[in-house]
Each structure stands twice: as structure tokens, then as C-alpha cells.
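Novice: Below is a structure I'd like to ask you about.
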Amino acid sequence: MGLGEAALFVAAATLIADLSPPHRRAEAASYFSVAVYGGIGLGLAIVRHLVELHGGSVRGESEGEGRGATFTVTLPVTQPMRRQTRGPSVAPVPSAALRGRAVNLRGLRALVVDDDQDSRQLTRAVLEGLGARVTEAASVPDAIAELRRDWPEVLLADIGMPGQDGYSLIGWVRRLEAEQQTRLPALALTAYARESDRDGALTAGFDAYLSKPAAPSDVADAVGRLTGRSSAGPARGERPVAP
């Protein structure tokens, strides 16, 4: 370990019992790059994205079947930050994570709706890193209240929320558009990762769909396309949104 780095060692025997060679080793490696629907891969993939956003790396090792696993997270050491008295509690995503994205969201008003606080704050950090002004809501009723208070320019919403879900929210949005006399571009950002989930989100009224954990660059690109802040055309399955 070089100077300026710190490593955090986590014994995770209860998280993954078997990372044994040879067939399980390749499977375990995939957990850090692909969200596995219905399994623990989603959590591990989120860990990888969070660590990489902070300039670090993560790896998993095991001595064999039934021996558990150890995950090593390596993060760069930085100078302590001075306590802020004002401003957001989550720092914007470093520009390195969004390097090469021809997207400028400066001044864009975005509403992020998700019952999971970590997911909301991560999405907020991505958008604020590109200059957007972000409002958060943890439920559909809170989101509707925010929509009535200040109509945004783009909506990013989870689908699987307790009580009223994302499908209910997009229904409300499309009805409120008549009052606002403007269409609201909407991105479904959800852990529901099946093809049928994507089709269901688009049919319900969302304009685009990303499965969690979505890379910051993918979120930036999708929002840029939906709001006309990117020169790229709609991706597969996205519908063009009239200005």
C-alpha cells in the first residue's frame, strides 16, 4: 500500500459464504460490475460505484468454499474538510467520474424521488456535479407537493417505493402537466432490471429507463438527452421529448 492510501478490511463471511475457485471466483468478480437481479450483486455493485467515485478500488478474496470472504476497499487519503455551515450535505461527484461527457446541466431544475436516502443522495451528487439544482423527495406524496410548489425540468424516480410507487407518481405527473401546460421529461431509475420492467416503465409514461446501480456517466447522458442538454440522440427504448 503506497503513501497517501488507506485500506479498509471487511470480513464478510455472512455476505458471501462461497467464493471458491474456479467457477465461483469468476461469478464473484462479476458482482462488482453487474447488478444480479434477485441476489446480493446489487449491493456489491453499489459498493464498487461508491468507492470508484471517491477514487478508490475494491476487491474480494476467499480461501475456499465455506471459508467466507474478505473484501478490501482502498481509498485515497485527503485532507480533512472544514465543516460547512451552509450548502448540501453531499459533495458533487468528482469530475473524473464524468470525464468526457458532453453534458452541461448548469441551472437545470431536477426532482429526484426515491425512498432510499443513499440512492437519492448519490443521484443528487451526480446531477450537482454537472451544475443542476436538485430537490429530493422520499415518497410520492412528498414528490407531488414539490411538483405543485416548483415544477422541475426533469424527474428521476424510483419505481419500487412503499405505498404509492413510481407508476402512481408518473400517472400524477402526466395529469399535472395539463395544469403546467408543459411536458416533464421523466427517467425511471430503479433496481427492477428485467426487460419487462423497462417496457413497463416506458408504457406507464416514463421517457427513459436505467437499472440500478447506474453509472454516473449513464445518468448524466440520459438526463442530458431528455432535456436537450446533450447532442446525442435518444438511446434504445427512449422516446424523444418535445421541448
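None of the figures in this text is laboratory data; all of them are computed from the coordinates on show. None of the values given here were measured: they were computed from a predicted structure. Don't worry about glycine lacking a Cβ; one is built from the backbone with ideal geometry, like all the others, and counts go over all protein chains shown.
Novice: HN-Hα J couplings of the range 109-117 from phi, Karplus 6.51/-1.76/1.60, θ = phi - 60°, integer Hz, Gly and Pro as x?
Specialist: Couplings: 8, 10, 10, 10, 10, 6, 6, 8, 4 Hz.
Novice: When you count, for each residue, the other Cβ atoms within 10 Å and take the mean per peptide, how do 121-128, 141-148, 59-66 rank with the highest first?
Specialist: The most tightly packed comes first, giving 121-128, 141-148, 59-66.
Novice: For the range 167-231, state which trypsin sites (Lys or Arg not before Pro) are in a DSSP loop and have at most 11 other beta carbons lying within 10 Å of their beta carbon.
Specialist: Passing both the DSSP loop test and the Cβ count: R194.
Novice: Run the quick spin-label model on N104 and Q117: label points 7 Å from Cα toward the beta carbon, then report their separation in nm to one decimal.
Specialist: Calculated label separation equals 3.6 nm.
Novice: Kindly state, to the nearest 0.05, the FRET efficiency for T70 paired with A215, given R0 = 35 Å and r defined as their beta-carbon distance.
Specialist: E between T70 and A215, to the nearest 0.05, is 0.85.
Novice: What list of ³J(HN,Hα) values in whole Hz, one per residue of the range 187-194 in order, does the Karplus curve 6.51 cos²θ - 1.76 cosθ + 1.60 (θ = phi - 60°) give from phi, with Gly and Pro shown as x?
Specialist: 10, 7, 10, 9, 6, 6, 10, 7
Novice: Would you mind calculating the gained length between R59 and V77 on full extension (0.36 nm times residue separation, minus the Cα-Cα distance), in nm to one decimal?
Specialist: Length difference between fully extended and current span is 4.7 nm.
Novice: While we're here: Taking 0.36 nm per residue of separation and subtracting the Cα-Cα distance, what length does fully extending R183 through R133 add?
Specialist: Here the segment from R183 to R133 would lengthen by 16.1 nm.
Novice: Rounded, prolate or oblate: pick one for the range 114-243, where a ≥ b ≥ c are the square roots of the eigenvalues of its C-alpha gyration tensor, a/c under 1.5 means rounded, and failing that, prolate if a/b is larger than b/c, else oblate.
Specialist: Rounded is the answer for the range 114-243, as its axis ratio a/c remains below 1.5.
Novice: Further, regarding this structure: Once you have a ≥ b ≥ c as the square roots of the Cα gyration tensor eigenvalues for the range 101-145, tell me rounded if a/c is under 1.5, and otherwise prolate or oblate according to whether a/b is larger than b/c.
Specialist: Oblate is the answer for the range 101-145, as a/c is 1.5 or above yet b/c matches or exceeds a/b.
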